[in-house]
1. For the structure I just gave you, tell me whether residue 199 is open to solvent by less than 10 Å² (accessible area, probe 1.4 Å) and in the same structural domain as residue 417 (by the TED database).
2. Restricting attention to segment 80-108, and to residues there that are of a type in the set (A, V, I, L, M, F, W, C) and either touching a Ser or Thr at 6+ places or on another chain (Cβ under 8 Å) or open to solvent by 80 Å² or more (accessible area, probe 1.4 Å) (or both), which single residue is modelled with the highest pLDDT?
3. Does residue 175 qualify as being part of a strand (DSSP E or B) and under 12 Å from residue 204 (Cβ atoms)?
4. Taking residue 198 and the conditions (1) of a type outside the set (A, V, I, L, M, F, W, C); (2) touching a helix residue (DSSP H, G or I) at 6+ places or on another chain (Cβ under 7 Å); (3) assigned to a loop (DSSP other than H, G, I, E, B); (4) at pLDDT 95 or above, which numbered condition does it fall short on, given that it satisfies the others?
5. When residues of segment 417-437 are filtered for being hydrophobic (A, V, I, L, M, F, W, C) and part of a loop (DSSP other than H, G, I, E, B), how many remain?
6. Quick check on segment 410-419: of everything there that is surrounded by 23 or more Cβ atoms within 10 Å (Cβ to Cβ) and among the polar types (S, T, N, Q), which residue is farthest from residue 341 (Cα to Cα)?
7. Across segment 274-294, what is the number of residues that are within 20 Å of the chain's Cα centre (by Cα), assigned to a strand (DSSP E or B), among the hydrophobic types (A, V, I, L, M, F, W, C) and buried (at least 18 other Cβ atoms within 10 Å of the Cβ)?
8. Restricting to segment 205-240, and then to whatever is in contact with a His (Cβ under 9 Å, 6 or more places away or on another chain) and assigned to a helix (DSSP H, G or I), can you tell me which residue is least open to solvent (accessible area, probe 1.4 Å)?
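The values are calculated or read from the model by the stated rules, or taken from the named source; none is laboratory data. Fair warning: this is a prediction, and the values are worked out from it, not measured in the lab. In this analysis, Cβ positions are derived from the backbone assuming ideal geometry, glycine residues included, and neighbour counts consider all displayed protein chains. Surface accessibility is based on the protein's heavy atoms, side chains included, excluding ligands, DNA and RNA. Shrake-Rupley method; radii C 1.70, N 1.55, O 1.52, S 1.80 Å.
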Amino acid sequence: MLQVEKESIAPSPELLSEGIAAVKLEKKKDDQPKDQLENEPSQNVAPEEGEKKKKKKKKKKHSKKKNITIITQYYPNEIYPEGEWSDYKQDLELDDNLKRSTNQEKKQLDLINFNKWNDLRKGAEIHRRSRKLARNLIKPGMTMIEIADTIENAVRTFSGGDKLNEKITGMGFPTGLSLNHVAAHYTPNAGDKTILHEDDVMKVDIGVHVNGNIVDCAFTHTFNPKYDPLLTAVREATYTGIKEAGVDVRLTDIGEAVQEVMESYEIELDNRVYPIKCIRNLNGHNIAPFQIHGGKTVPIVKNGDNTKMEENEVFAIETFGSTGRGYVISQGECSHYSRIPDSEISNGYPPTLKLNKAKELLSTIDSHFGTLPFCRRYLDRTGEQKYLLALRNLVQSGYVRDYLPLVDTKGSYTAQFEHTIIIHPTRKEIVSKGDDF
């Protein structure tokens, strides 16, 4: 029909007579009783219904595309929403904090870093939208690769950056999808057949960066409510860490407060009660440009570290709880890697690489990721092939650091919650805070 409509063909006498007959038939139908007409079968019903279905399908497809688009479409002025603000803890030993929120000089100093804070807020908004999508789409039966691709494709689409080059904007690090006793540093490699089950406890750790400013935020996803006490304990411990954080606060004091809250909980699984323990060798950390670990660690137990938080620092406050021993070891197939800056390799004198493939791979890493963490799937996306020997050589030569999965006792369950906060001169900002947590 479409082709006929496009062609300009003069109607023949036979066609005209058929048209007149059709008009007479319609007139005859108009003269018939209404109920008789309703019972009479019509050849036009099926096509009309088909057209409606087509229209509905098109609308559904259109709305799906509309939901995932570059974030600047929502914020054309490029000013992104602030996170949740919180005054610093009122402490007599830190009486400076009492005056910070109203100090005009400090407010002006804070404006100097507006572009950096705005980049972090942009990354946080991308993070909120991506994790909302993930929560709605993650279902039992999905493979880990399907889940990782869903999240990472959303981040890259919202970011609007080069989909093959993460250095400008996009993924801040590979999406962590650690299951059950695996607490951190697991993301699927190509060919991984692992499937998410209804009784699994999955830590979803997503990093988004804008111009090297990284938002690090994580939550734990479950389908079975029996794990709720574990999730509650870890979530409350994380918010305790955020509450305690502030200018000149000692890191050990944050860890002590977190431990007190976390270990006040317990969970009953299969008629057995388990105390919920802090995973004592996992920590939060400060974040530097293009470096997810900036040098300071925020413990989740009291450890005697008297290092203090300072103005204008960015921290990932994260806590991990476990029904196991509360201590993790490195075990399993590696997926996470990061480039070590040349200045930190052999006191600034990196060794000469002998393998040509290792040199080529290092060039790919430098051009696509820089010092941002990456994984094997990310190397696959750049077109690299048969690179495992070269990657191993880079690790052994000190150019690249590998991060194996971190696991507690097999059969135990671990959970994680994390937010990125900014230590402003006046107040702190939970930049990654959302409606979900």
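1. Values: open to solvent by less than 10 Å² (accessible area, probe 1.4 Å): no; in the same structural domain as residue 417 (by the TED database): yes.
So residue 199 does not fit the description; no.
2. Taking segment 80-108 as the starting set, the residues that turn out to be of a type in the set (A, V, I, L, M, F, W, C) are 85, 92, 94, 98.
Okay, now just the ones that are also either touching a Ser or Thr at 6+ places or on another chain (Cβ under 8 Å) or open to solvent by 80 Å² or more (accessible area, probe 1.4 Å) (or both), so 92, 98.
Numbers: 92: 49, 98: 59.
Ranking the qualifying residues of segment 80-108, first place goes to 98.
3. Details: part of a strand (DSSP E or B): yes; under 12 Å from residue 204 (Cβ atoms): yes.
When the stated conditions are applied, residue 175 passes them.
4. The single condition residue 198 does not satisfy is (2).
5. So the first thing to find is which residues in segment 417-437 are hydrophobic (A, V, I, L, M, F, W, C), and the list is 417, 421-423, 430-431, 437.
Keeping just the survivors that are part of a loop (DSSP other than H, G, I, E, B) gives 431, 437.
Residues that pass the stated criteria total 2.
6. The selected residue is 414.
7. 0
8. If we take residues in segment 205-240 being in contact with a His (Cβ under 9 Å, 6 or more places away or on another chain) and assigned to a helix (DSSP H, G or I), then 238 is least open to solvent (accessible area, probe 1.4 Å).
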